Amino acid sequence: MIRSTLALAIFLTAFALQPAVAQDHHQAFEQFAEFMEGSWTPAEQNNALRPIRHVYSWTLDGKFMRTNGTQDPGRAWDGFVGIEPKSGKLAWWGFFTTGEAGPIYLTKFTDDEWVFVADNVGADGQTKKSVSVKIVGNGKLHAHVIDTSGKEKKEIHEEWIRAATGKMANEAKKPHLWEYLVGDWEFTNSKGLKASITFETVAGGMASIGHWMTDDGKAAIETVGWNTDKKCLVVDGYGTSGNYWHVEYTTVGAKKCSGPSKVVYPDGSSVEGIMTIEKVDENTVKLHTDGKDENGQPIEVNSQWKRRTP
């Protein structure tokens, strides 16, 4: 009996120490991405340069998650998290302003913690890095980073809080019912414009930002916010081609908004008139503009947004 018990104990110990199998990494990725999606800021924002914000969002048809730390003046970075095809491991690729680049791999995970470790990263090939992300509350995490380069060792402990998600912060006063555009979309219109758009809420849910990228690689940024004085939802957008748009939705509802607008397209053409945006269902939004073109001729422009789902 003692021998059998001892053999069982040895077997269980050996089994527990086995590396995580591929399926474990897929499960860890799903849980990590579900929790991290959104925008995060340090619990104590004390940076004198500008606020720090890290953004985690789905990309490439939901196969990977982008981890964006470019709004970190201390040490800007960008990266991706996903399952590495060759190894089947969950990898977190990071690219830094210092020139460092490389993956760190999941070595441990539980329901509330993920630990990533890498050896021999950095310009000198001697850097060892460990990043632990642990859930410590609703919309709150603890990050523990150990970075060793040669004989130098840097260790950081930080608390982070969720700054924005697809839903408005509970404590924020809701100025309108127009959050259904949050997420990733494909945009087309009757003038031949095609673009990919990612919308996120910011400022505790009091505003939204849209990141546009046309099929020919032209970027644009869009802001949406409630103007209390005018009692309207104001939309402003600016693109790298010199294009821009301004909309004041004076009629705002849960599924439909309308108001005066002006849109100047990348080719220099323009449309000015009444723009109406309407939620058809969870994955479809239609937009219609009835107005005049740059020559004063009547024109109608129809657009459609289709949600990209993982």
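The values are calculated or read from the model by the stated rules, or taken from the named source; none is laboratory data. All figures in this text were calculated on a predicted structure; none of them were measured in a lab. Cβ atoms come from the backbone with ideal geometry, glycine included; neighbour counts cover every protein chain shown. Note: accessible area is taken over every heavy atom of the protein model, side chains too, but ligands, DNA and RNA are not part of it. Shrake-Rupley method; radii C 1.70, N 1.55, O 1.52, S 1.80 Å.
Here is how the numbers come out for the structure above:
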read-out	value
Scope the range 212-231; condition surrounded by fewer than 18 Cβ atoms within 10 Å (Cβ to Cβ) and charged (D, E, K, R); matching residues	Asp215, Asp216, Lys218, Asp229, Lys230, Lys231
Leading residue by the ranking (modelled with the lowest pLDDT) among those in the range 136-182 that are over 21 Å from the mean Cα position of the chain (by Cα), part of a loop (DSSP other than H, G, I, E, B) and not small (Gly, Ala, Ser)	Glu171
Meets criteria (modelled with pLDDT under 85, open to solvent by less than 20 Å² (accessible area, probe 1.4 Å) and within 26 Å of Gly62 (Cα to Cα)) for Trp185	no
Tally of residues being within 27 Å of the chain's Cα centre (by Cα) and at pLDDT below 95 across the range 260-275	2
Count - residues of the range 285-310 that are of a type in the set (S, T, N, Q) and closer than 21 Å to Ala254 by Cα	4
Selection status of Met206, surrounded by fewer than 18 Cβ atoms within 10 Å (Cβ to Cβ) and in contact with a Pro (Cβ under 9 Å, 6 or more places away or on another chain)	yes
Matching residues in the range 224-253 - criterion: being within 19 Å of Pro266 (Cβ to Cβ) and of a type outside the set (D, E, K, R)	Val235, Gly237, Tyr238, Gly239, Thr240, Ser241, Gly242, Asn243, Tyr244, Trp245, His246, Val247
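Each row is one residue, and each column tells you yes or no for (1) touching a helix residue (DSSP H, G or I) at 6+ places or on another chain (Cβ under 6 Å); (2) within 18 Å of Ser196 (Cα to Cα); (3) touching a residue at least 60 places away in the same chain (Cβ under 8 Å); (4) in a strand (DSSP E or B).
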position: Val234; (1), (2), (3), (4): no, no, no, yes
position: Ser241; (1), (2), (3), (4): no, yes, no, no
position: Val247; (1), (2), (3), (4): no, no, no, yes
position: Pro260; (1), (2), (3), (4): no, no, no, yes
position: Gly268; (1), (2), (3), (4): no, no, no, no
position: Gly273; (1), (2), (3), (4): no, no, no, yes
position: Lys286; (1), (2), (3), (4): no, yes, no, yes
position: Asn295; (1), (2), (3), (4): no, no, no, no
position: Ile299; (1), (2), (3), (4): no, no, no, yes
